[in-house]
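Enquirer: This is the structure, below, for whatever I ask next.
Read-outs throughout are calculated quantities, based only on the coordinates presented, and are distinct from any laboratory measurement. Computed from a predicted model, the values in this text were never measured in an experiment. Cβ placement follows ideal geometry from the backbone for every residue including glycine, while neighbour counts extend to all protein chains displayed.
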Ligand SMILES: [Zn+2]
């Protein structure tokens, strides 16, 4: 389930106004001892921070939140002075004041404190496994290290860490560095685990995990690797271990610097808010995204596990070794890791075609960027809420897509050389955007430093209109750029001032159609010449550019006719995205998209088909009325018939994982949107057999079959699935059953699901996902929205407040002016500080969808009608 793939999405505190620490002192080393107390749900801490005082001062400010100071002192030049501690809760700071001035130079701060093992999935928090066994673990990014120890909690204050944990005898303790010693004591029933001095790193990357964990062990290039889980789940780590070994070796080869942190631990946790977190040498994961039963796991989940792991491991270089100077450049971390991970996964499993997923990700990140309320990649942020809001589709998807374009523009070798120089220059330190592109400009000799600012500092993306004509046996192509916006009226007024320096590649349908012609579109309009003439010109050849192309009708007809033989799968995905983008702004009717879809009826590439089906479902959801729904379903059945005939209902011996997964997705849409009676009957039969057997599910097909059976299922089926969910043998099975339970469309069962979301049966990390899923059901939107409003107080408190932003985002699935007004009104009163931009985006999306519906629904209805008339003749 995709909603778990929220990489390093860290959501934190409410109602605070961070400001930066004054530049009075810098940390050099932290000596930290933690003793968690699982009876009282607290921990005690001892801390000695070696600092460099930069200018004479009588006070030092540290970040601190929910920390109870027991004592504090500062030693400088052999003199120890007690420090008076004053707390500034609003700014999450503590000021340590001494009587005599501290002179510039070395000093040490000593603090003894207590903190909370909270249940908010941030800071140092408590989790529980299915048997109720407690564990304690940290989650600090972006601004929550301060909940575990008073600290210089800003990314530029890198230091080394010497960590000691006093744990119960039965508990394992893990941290960033390897274990130096593990001795019994200090009291009966305890042991003391001392870790080696860590590499120099930012506070948000510090990590500790304490609990009854078990691991499978391996190694790559001499680096020990362990994959951990709670008791009984150890064997589920084998798949991730094999992946980690492959990725570490791949990165060692790709980067000029070998894995920089002595060992790698990866741990799956039952309670974890984000997808995963790249703590130096100790990566933490949501367990469903790490611990899988490989023989039964769905292909999609295997790919997700690999992708997230490769992403987090890439952070060991991009993020951990070299860290952004401040959060405004978080893209240097997230974009790089997102861009890098498909390379490592493709090297391990080329048959999964993750390079095509990158094209799909590009298109989807363009969706966010098509809003008036998007943001530039580089974005100022000061408060924890503003910082939190930066972990969005722009930081991950858009940045990765822009880096992909840049790599294609300067060539993979130059790119890699530049990255290498950048990493060497800033290792164990921090860097800014300018550091990055000036290094790449130097390495490539190309104007990277002039191209990149147009994509990084400017919000939105270019729409490149293509006009091609044949002159004297050559194709003269005029490209014209303007900012793309979903807001059709604003877009068509074409008043945008923005200009990008766009690396473009073209290919034409002439004699040498395989050849690409590449160049830079710099002004509003540029001309390119292609040898030969043909019936079409493709404006994003190779599908590596971050722009949308607008084609004239004859060009689209030419492309559609040649689509399977002349366009690569990547280009087909991009073309689908481009035609859809033209539909969104009224430049093409939605029926042009359906015609293009018909041209892909025999498509066998899973990613191309998956991209197409996403819009096929969207059109059903938003653009069809009850009246034309049966006609649209009939069209979908016809569209998918060749695929179903080719793939059948059952896996064939020796077929690829891609085919297995494609079958599952085709059946899902044929049964759902297509209402195919044969598929629905198959799903019910499959479900009955599965529920009458104790065998483990084949999860590639199970999600589809169970969910289709559940759509029109009754309370008795609901109960049977719920019982199964409680007996699930793996995290994946648990979520497959959960997905099925959330597919029931009976309003009574939707109500039941809504109420369960706030009960102890649903972990707090899953509550928002449950409500968001229900919101997308045709019968669920209004019920879920009423539920959110009625239970807002409770929902807003989940996990220290991370839920709010997710719920604001969930409202973006609405598609009427009335609903938009309700959302505006409700969140106008019930403010969510970490979703200020998010709210504007949701409102804009609702408005765009409403507008699209008013424009395209009548056209679609007419087309379906004409089609039926034609078929009847
Ligand atoms: Zn990340």
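Enquirer: Apply 1/(1 + (r/R0)^6) to the Cβ-Cβ distance of residue 641 and residue 219, taking R0 = 51 Å, and write down the FRET efficiency to the nearest 0.05.
Expert: That gives a FRET efficiency of 0.50.
Enquirer: Could I ask something else about it? Hey, if you drop one equal point scatterer on each alpha-carbon of the chain and run the Debye formula without solvent, what base-10 log of I(q)/I(0) do you get at q = 0.05, 0.07, 0.09, 0.10 Å⁻¹?
Expert: These q points yield log10 I(q)/I(0) values of -0.28, -0.56, -0.94, -1.17.
Enquirer: May I pose another question? Points 7 angstrom from Cα along the Cβ direction at residue 156 and residue 416: gap in nanometres?
Expert: 3.4
Enquirer: Going by alpha carbons, how many degrees (0 to 90, nearest 10) lie between the helix axis of 817-829 and the longest principal axis of the chain?
Expert: 10
Enquirer: Right, here's the next one. So, by mean Cβ neighbours within 10 angstrom, what's the order for 807-820, 40-53 with the highest one leading?
Expert: Values: 807-820: 19.8, 40-53: 18.0.
Packing proxy ranking, top to bottom: 807-820, 40-53.
Enquirer: Shifting gears a bit: Relative to a virtual label point 7 Å from the Cα of residue 821 in the Cα→beta-carbon direction, which members of region 836-873 show backbone nitrogen distances below 15 Å?
Expert: 847
Enquirer: By average Cβ neighbour count within 10 Å, what is the ranking of 578-586, 220-228 from highest down? Display every interim value, and only then the final one.
Expert: Details: 578-586: 23.3, 220-228: 19.8.
Top to bottom by mean Cβ count within 10 Å: 578-586, 220-228.
Enquirer: Please label the shape of region 446-521 as rounded, prolate or oblate, based on the square roots a ≥ b ≥ c of the eigenvalues of the alpha-carbon gyration tensor (a/c under 1.5 means rounded; beyond that, a/b larger than b/c means prolate, else oblate). Could the numbers behind the result be given before it?
Expert: On the way: a/c = 2.91, a/b = 1.46, b/c = 2.00.
Because a/c hits 1.5 or more and a/b fails to exceed b/c, region 446-521 counts as oblate.
Enquirer: Report the full-extension gain for the segment residue 349 to residue 554: residue separation times 0.36 nm, less the Cα-Cα distance, to one decimal in nm.
Expert: 69.9 nm
Enquirer: Once both labels are modelled 7 Å past Cα along the beta-carbon direction, what's the residue 488-residue 689 spacing in nm?
Expert: In this crude label model, residue 488 to residue 689 measures out at 4.6 nm.
Enquirer: In Å and on Cα atoms, what radius of gyration and Dmax does region 21-113 show?
Expert: Values for region 21-113 (Cα only, Rg and Dmax): 13.5, 44 Å.
Enquirer: Now for a different question. How far is it, in nm, from the label point at residue 830 to the one at residue 75 when both lie 7 Å from their Cα along the line to the Cβ?
Expert: Taking the two extended label points, one gets 5.3 nm.
Enquirer: Let me ask something else. What ranking do 424, 830, 602 get, fewest neighbouring Cβ atoms within 10 angstrom at the top?
Expert: 602, 424, 830
Enquirer: Kindly rank 74-87, 657-670, 261-274 from highest to lowest mean number of other beta carbons found within 10 Å of each residue. Don't skip to the end; give the middle numbers.
Expert: Details: 74-87: 15.1, 657-670: 21.7, 261-274: 23.2.
Answer by packing, highest mean first, reads 261-274, 657-670, 74-87.
Enquirer: Still on this structure: Which order do 687, 595 fall in if you start with the one that has the fewest other Cβ atoms within 10 Å? Intermediate results must be reported in sequence, preceding the final value.
Expert: On the way: 687 22, 595 16.
Ordered by Cβ neighbours within 10 Å, fewest first: 595, 687.
Enquirer: Still on this structure, I have one more. Angle, helix 331-348 long axis vs. longest principal axis of the chain, Cα atoms, 0 to 90°, nearest 10?
Expert: Orientation of helix 331-348: about 70 degrees from the principal axis.
Enquirer: Rg (Å, one decimal) plus Dmax (Å, integer) for the alpha carbons of region 344-443?
Expert: 15.6, 44
Enquirer: If r is the Cβ-Cβ distance from residue 82 to residue 128 and R0 is 30 Å, what FRET efficiency results, to the nearest 0.05?
Expert: The value I calculate is 0.15.
Enquirer: Let me ask something else. Determine the gain in length on full extension of the stretch residue 598-residue 438; use 0.36 nm per residue of separation and subtract their C-alpha separation, reporting nm with one decimal.
Expert: 53.0 nm
Enquirer: At a Förster radius of 45 Å, what calculated FRET efficiency corresponds to the Cβ-Cβ distance of residue 178 and residue 382, to the nearest 0.05?
Expert: Working from the Cβ atoms, E equals 0.80.
Enquirer: Something else: Between helix 747-757 and the chain, what is the angle of the helix's C-alpha long axis to the longest principal axis, kept within 0 to 90° and rounded to the nearest 10?
Expert: So the inclination is approximately 20 degrees.
Enquirer: Calculate for the chain the 222 nm mean residue ellipticity that helices alone would give, adding -39,500 (n - 2.57) per DSSP H run of length 4 or more and normalising by residue count, nearest 500 deg cm²/dmol.
Expert: It comes out at -13500 deg cm²/dmol, rounded to the nearest 500.
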